[in-house]
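A.B. asks: This is the structure I want to talk about, given as structure tokens.
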Amino acid sequence: MVPRVEECYALMDEYRMLNNIRDHSIIVARIGELIALGLVKAGVDIALDRIIAGALLHDIGKTACLEQGGDHAQVGSEICLQHKLHEVADIVGEHVRLRDFQLQGAISEKEIVYYADKRVNHSSVVTLDERLHYILDRYGRNNTEIYRRIQANFAQCQVVEAKLFARLDFSPGDITTMIHGPRTLITPLPTGYSHGGRY
Ligand SMILES: [Fe+2]
């Protein structure tokens with residue numbers, strides 16, 4: 001089952017998602033939606049509802065992990081399965097790292113959410129490079145192995161970006177301005193979003 005947007009917000013409440021994570025998730029969903037709509041226009045077979053729900057729920061395991069520890073992608077995926085949301089569980093489970101990425105394979109919903117998440121720092125749209133430097137500084141300092149793994153994951157994300165944008169008629173940089181376009185499926189606005197009430 002793919003939950004509707006309102007059901008995703010209800011799950012955010014149920015799992016006590018923090019406001020900043022909720023705002024971040026809404027921007028990730030908005031980016032996912034822009035990419036998905038562009039891909040549909042290019043004739044790519046992709047499920048818009050799975051992308052939006054997967055993006056809104058990608059950090060659903062975060063509060064539990066902040067309180068008790070654990071891998072928030074894995075915990076989030078388990079929460080989805082408990083609610084019989086099989087169609088989004090894999091998207092949530094692989095939003096940090098893709099398990100079996102194939103450059104030549106068909107574009108998948110999980111690749112889009114994985115990529116969109118890395119374009120948002122808190123609730124600001126950033127480049128992959130900016131996000132990489134923030135993550136390295138926050139998690140990779142003083143740990144060479146983690147530093148190396150973060151870099152490898154972002155190198156993979158650059159490849160995913162190239163794969164997605166090979167089919168799109170806009171560039172990665174355009175997302176920063178496109179995000180201010182008319183709202184579509186995803187409401188309400190993030191609390192306190194600082195761009196004139198639009199996103
Ligand atoms: Fe996350």
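A.B. asks: Using the number of other C-beta atoms within 10 angstrom as an exposure proxy, rank Lys118, Lys62, Lys163, Lys41 with the fewest first.
C.D. replies: Final ranking by Cβ density, sparse to dense: Lys41, Lys163, Lys62, Lys118.
A.B. asks: Could you calculate the FRET efficiency of Asp71 with Val40 from 1/(1 + (r/R0)^6), where r is the beta carbon distance between them and R0 is 25 Å, rounded to 0.05?
C.D. replies: Efficiency, rounded to the nearest 0.05: 0.20.
A.B. asks: Return P(r) of region 29-130 (all Cα-Cα pairs; 10 Å bins starting at 0; whole %; ordered from short to long distances).
C.D. replies: Taking all Cα pairs of region 29-130, the binned fractions are 16, 46, 32, 5, 0 percent.
A.B. asks: Cut-off 10 angstrom, C-alpha nodes, Gaussian network model of the chain. Which of Gly76, Gly32, Gly140 fluctuates the most?
C.D. replies: With Cα springs under 10 Å in the chain, the top fluctuation among Gly76, Gly32, Gly140 is at Gly140.
A.B. asks: Let me ask something else. Once the other residues with Cβ under 12 Å from the Cβ of Ala64 are scored (Lys, Arg +1; Asp, Glu -1), what is the net sum?
C.D. replies: -3
A.B. asks: Also, I was wondering about something else. Please report Leu136, Leu34 as a ranked list, fewest other C-beta atoms within 10 angstrom at the top and most at the bottom.
C.D. replies: Ranked by crowding around the Cβ, least crowded first: Leu136, Leu34.
A.B. asks: Another question, then. Let me have the relative contact order for region 122-183, percent, based on Cα pairs under 8 Å that are six or more residues apart.
C.D. replies: For region 122-183, the relative contact order is 34 percent.
A.B. asks: Now for a different question. Could you give the length gained on full extension between Tyr134 and Arg99, defined as 0.36 nm per residue of separation minus the Cα-Cα distance, in nm?
C.D. replies: 10.3 nm
A.B. asks: Cα-based count: Lys pairs in the chain below 27 Å, eight or more positions apart or different chains?
C.D. replies: For the chain, qualifying lysine pairs total 11.
A.B. asks: Order these by the 10 Å Cβ neighbour count, fewest first: Glu109, Glu33.
C.D. replies: Going from sparsest to densest Cβ surroundings: Glu33, Glu109.
A.B. asks: Give me the distance between the Cα centres of region 89-117 and region 14-86, rounded to whole Å.
C.D. replies: Taking the Cα centre of region 14-86 as reference, the centre of region 89-117 is 12 Å away.
A.B. asks: Here is a follow-up. Near Arg97, within a Cβ-to-Cβ distance under 15 Å, what is the net charge of the other residues, with Lys and Arg +1 and Asp and Glu -1?
C.D. replies: That works out to -2.
A.B. asks: Note the per residue figure in Å³ for the convex hull of the C-alpha positions in the chain.
C.D. replies: So the per-residue hull volume is 117 Å³.
Here, each number is a calculation from the coordinates, and none is a lab measurement. Treat the numbers as computed from the prediction; the structure is a model and nothing was measured. Here Cβ is always computed from backbone atoms with ideal geometry, including for glycine, and neighbour counts include all displayed protein chains.
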